[in-house]
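Before any comments, here is the structure.
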Amino acid sequence: MQPLLELKEVYKYFPISSGGFLRKKVKTLKAVDGVSFSIKEGTSFALAGESGSGKTTISRLVLLLEKPTHGSLVFENKEVQQFTKQDVSWYRTRVQAVFQDAAGSLNTRMRIKDIVGEPLVAQQKRLSPKKLTEKVEEMLGLVGLSSAVLDNYPHELSGGQKQRVAIARAMILNPSLVILDEPVSSLDVSIRAQILNLLADIQERLGLTYFIIAHDLAMLGHVSAQIGVMYLGKIIEIGNTDEVYANPLHPYTRALFAAMPRPEPGRVKEIPALQGEIGSPLDPPPGCRFHPRCQFAVDHCRKTRPLLLEMRPDHQVACHKADSLSATM
Amino acid sequence: MKRFLRIARELPITAMLLLFPVLICGLFGQCFAPHDATLINPSLALRAPSWLTGQGWTYILGTDYLGRDVLSRVILGARSTLIVSVIGVVCAGVIGVFIGLFSGYLGGRFDLIIMRLVDMQMSMPAILLALLISAAMGAGLTAVIVVIAIVFWTQYARVVRGETLSVKQRDFVVMARVEGCSSRRILVKHIVPHVIDSAVVIATLQLGTAVMLEAALSFLGLGVQPPTVAWGKMIAEARLYIATAWWLPTFPGITIMVTVLGANLWGDWLRDKLDPKLRQI
Amino acid sequence: MGETLLLVEDLKTHCFTRAGVIKAVDGVSFFVNRGEALGIVGESGCGKSMTCASIVRLVPQPAARIVGGKILFAGDDLLTKDESEMREIRGNKITMILQDPLMSLNPVYTIGNQVSEMFKLHGRKLPRPTMKQKVVEVLTRVKIPSAENRLKDYPFQFSGGMRQRTVAAMAIAGEPRLLIADEPTTSLDVTIQDQFLLLLKEMQEQTNMGLILVTHDLGIVAQTCDRIVVMYAGKIVESGDVPRVYGGPAHPYTEALLQALPRIGVRHKRLFQIGGEPPHFLNLPSGCSFWPRCHKVMDICRREYPPSFPVEDGRQAACWQLKKGDV
């Protein structure tokens, strides 16, 4: 079966210029440095990583907010690079997003009914006001909100309700792919489960495909079927979620798992805390990006960039020492 | 009702007390001015304010060197002052907001060029611009409005551009793009409502400055022409009589001060209400 | 552990707004011993930050005021002290670290300048070379690499983790007896957060100071703290030793929070979810504040707020369920 979305060797470099009228280019920010993955229809794919990993840039690329410097995106078998303006319009009915900050993603000057209905208006679906309201109410029902909030402004709603509004808005065009960028990290802990369950229910009902970006491995382990771990612009480990979680192979992935705080008092960490700072995509280390912080680094790691190789079924790792490390597990 | 009362409690009473009479004079002045402001009567020239000389209420604020009643002239002067400053500021606002919006939204070379233009214009003194424009257009009401529009638009452009740049990054604008909104819709529905506040605040604060600019231009002879009455002109005409007829420059001066103060207080209040971040304006 | 460093008794801090009185901290009691780490856990708006602000008497007046209770620190009631005495204590005996290091550091002063200011403020003004040495020492203690070369850097030149460590250095410059850290790692990346929490633990062990760690993250408390206090709507609903509370939570809220967390290595179809939303202070339910969302609610819960019942050695929870055990 064709994947719904495919990224092929995508690079996104940002030139950081020193300003001035003549625009001298000084440095390059290598936000995404050669990333490939594919998402199957009806599944959930996750990208995990810390700041500077490039996951946010990838979401912006998929949302056509940025153009890749090299590489291609293929959606429903169509080359996104060759899209005309009309194609982009069509794409926007198939791909939607829910962002992290629910409060920031809702226009404070608009009423809920206008916010949720806007995608229909923007796409010029030319619905009568009655039909529009019906559709909006249908979406609010889908996310568990009553029609009472139609005339409210965002600041009159709680954090959880705002995020539900954002979800309703994303669903109203009946997209096939929804990007979820840190969908629950800005919500109160006691309501995160509600929203995650809601997202799962909607996915089942509407047959959606989710592309989730977050840093919380526990949450991602619960919601995704496939996961990719990113570090400084590259995917360093990718595969079936349960498999990767059971057998993390890359030293960074293992460090991430160890560093994640878990509600298990007296837990002894599998490996000691990672030293050093996360590198900068402005000046990434040569060879393997992770080598300055890696306790297993050897000379080879400093010179050559490791490629993603399949180490186990449905599980690829980009690490020169993956072989020897997996033997010790 | 409760909400209305709550807002009413917070209205700037002082500002309104100062501006309200000016507004009434401007709109309905000719209804209650005691005399014809343009009637020349040399025999009555340079009469002191009548309450001082004990002559009753005929010429309350005195007469000028052509025998015209000062009070009536002050009342009628409000009209041209208000017309010129309000229209001028609104024109400046419209031009400045448009340019600032497009500059901020489109960015890139366009933005760079526009901002350099703004810088260049801001480095030219207002009076010089005024002289140039008057020379080209001839003096008069229209010329003053044009001068105000041209001198004042840059402030809007700068501020609105900055705000547009920052609003453009906000999640709800990004979402609007993701939804497929056209640029026009994004500008109108999402960006303008968030930048218009600053524009309104700038406008109210500029009213006072516009009044002063008009006065300065009239002083130089570039403002409104007789028989139209304007406060600045009244002060200019009174130059020679400061020592002998103190009432001639004083009363128009007071009204200018009252108007500018009222406009500034109102602008301050509006700014604080809408957005404390604008305090540096 | 050590002797009791801080004893808070029935603390009440109220916020006076136009819409009504918000009982942000409503009768809160807990203690911290020397060398011990206490975790205060709760969601946004539960009163945990206001509790910390109350301890150091930095409650934003006149909108908010401490209206009752005692805060006993080394025997003295802090609520009876005047402002100059509190200034002596703040930064010196009790210090705080806040969430956003970018806000805690002044962007226009160098790192070296700001850290040395901490020494100067508490009467430790020393000649310049000694001061510089002390600054480098404390920065090295918080694991800032090559601290000597970084004294002239500005906060924006430091990464988030390093900034937070600088703030920690400034906090321990005065050799405090108690350190209050309010969501210190929320703005940090996971691996950096891990480093920082280890650092806090190390600092605590070296100086035997008390540590209060305020967070919403139950995982952080599990790995860093000895005892835990759970807050909801301005009150403490459960307190006790970390292993015991996590092993068998006595209050339904704590239980629900722990159950609702996704766990690594365990995959459920649906997560256990807590219904409803955290309550608004101006609209608290009658009786127990948690009853509308409680999966074990009884009749009495809707009528009366439960007192704190003892569970085991040192453990307490405010839940009518526990009274059942008595009967």
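Just so you know, all these numbers are worked out from the coordinates, no wet-lab data involved. The structure presented is a predicted model; accordingly, all values stated were derived computationally and were not measured. Using ideal geometry, Cβ is built from the backbone for each residue, glycine included, and neighbour counts are taken over all protein chains shown.
Descriptive notes on the structure:
- Inter-centroid distance (Cα atoms) of the stretch B:187-222 relative to the stretch A:193-249, Å: 53
- The fraction of all Cα pairs in the stretch A:83-213 landing in successive 10 Å bins from 0 to the largest distance is 13, 45, 35, 6, 0, given as whole percents.
- Relative to the dominant Cα principal axis of chain A, helix A:129-142 is inclined by about 40°.
- The stretch B:139-225: translational diffusion in µm²/s, Stokes-Einstein, Kirkwood Rh over Cα pairs, 10 °C, 1.306 mPa s: 106
- Cβ-defined net charge surrounding C:Pro107, 14 Å radius [Lys, Arg +1; Asp, Glu -1]: -1
- Normalising by residue count, chain B has a Cα convex hull of 165 Å³ per residue.
- Our Cα-only numbers for the stretch A:54-160 put the radius of gyration and Dmax at 16.4, 48 Å.
- Over chain A, relative contact order from alpha-carbon pairs under 8 Å, at least 6 apart, %: 20
- Histogram of C-alpha separations across the stretch A:1-116, 10 Å bin width, %: 11, 34, 33, 19, 3, 0
- Only lysines eight or more places from C:Lys120 in sequence, or on another chain, were considered; those with a Cα closer than 30 Å are C:Lys81, C:Lys93, C:Lys132, C:Lys134, C:Lys143, C:Lys152, C:Lys201.
- Assigned charges on the beta-carbon of Lys, Arg, Asp, Glu; chain A dipole about Cα centre (debye): 1100
- Semi-axis lengths, Å, the stretch C:123-210, gyration tensor of Cα atoms, sqrt of 5 times eigenvalues: 21, 18, 10
- Given +1 at the Cβ of Lys and Arg, -1 at the Cβ of Asp and Glu and no other charges, the dipole of the stretch C:270-327 around its Cα centre is 200 debye to the nearest 20.
- Size-normalised alpha-carbon gyration radius of the stretch A:159-203, reference 2.2 N^0.38 Å: 1.10
- Radius of gyration (Cα atoms) of chain C, expressed as a multiple of 2.2 N^0.38 Å: 1.05.
- Relative contact order (percent, whole number), chain B, Cα cutoff 8 Å, 6+ residue spacing: 23
- Antiparallel bridge percentage (DSSP; both residues within chain A; nearest 5): 60
- The long axis of helix A:159-171 is offset from the longest Cα principal axis of chain A by roughly 80 degrees.
- Note on chain A: with a GNM built from Cα contacts shorter than 10 Å, the maximum mean-square fluctuation among A:Glu182, A:Glu277, A:Glu50 falls on A:Glu277.
- Neighbour-count ranking [beta-carbon atoms within 10 angstrom, fewest first] of C:Asp77, C:Asp226, A:Asp283: A:Asp283, C:Asp77, C:Asp226
- For the stretch B:124-187, a Kirkwood radius taken over Cα pairs fed into Stokes-Einstein (10 °C, viscosity 1.306 mPa s) yields D = 110 µm²/s.
- Electrostatic dipole magnitude of the stretch A:103-143 [Cβ: Lys, Arg +1; Asp, Glu -1; Cα centre; debye, to 20]: 180
- Relative contact order for the stretch A:213-329, counting Cα pairs under 8 Å that sit 6 or more residues apart, in percent: 25
- Distance between the stretch C:84-125 and the stretch B:86-146 - C-alpha centres, whole angstrom: 49
- Within the protein assembly as shown, DSSP assigns beta bridges of which about 60% are antiparallel (rounded to the nearest 5).
- Residue among A:Arg92, A:Arg289, A:Arg262 with the largest mean-square fluctuation in a Gaussian network model of chain A, springs linking Cα atoms under 10 Å: A:Arg262
- Over chain A, dividing the summed -39,500 (n - 2.57) contributions of all DSSP H runs of at least 4 residues by the number of residues returns a 222 nm mean residue ellipticity of -9500 deg cm²/dmol.
- The chymotrypsin sites (Phe, Trp or Tyr not before Pro) of the stretch B:54-137 meeting both criteria, a DSSP state outside H, G, I, E and B (loop) and at most 11 other C-beta atoms within 10 angstrom of the site's C-beta, are B:Trp57.
- Partner lysines for B:Lys189 [C-alpha distance under 28 Å; skip if fewer than 8 residues away on the same chain]: A:Lys67, A:Lys85, A:Lys113, A:Lys125, A:Lys130, A:Lys131, A:Lys135, A:Lys162, B:Lys168, B:Lys273, B:Lys277
- Cα-based convex hull, the protein assembly as shown, per residue volume (Å³, whole number): 242
- For the stretch A:158-259, applying the loop criterion from DSSP together with a ceiling of 13 other beta carbons within 10 Å to the GluC sites (Glu not before Pro) yields no site.
- DSSP beta bridge pairing in the stretch C:168-254, given as percent antiparallel to the nearest 5: 55
- Rounded to whole Å, the principal axis extents of the Cα atoms in the stretch A:162-316 read 53, 38, 34, largest first.
- Net charge of the neighbourhood of C:Glu202, taken over other residues with C-beta under 14 Å away and scored Lys/Arg +1, Asp/Glu -1, is +2.
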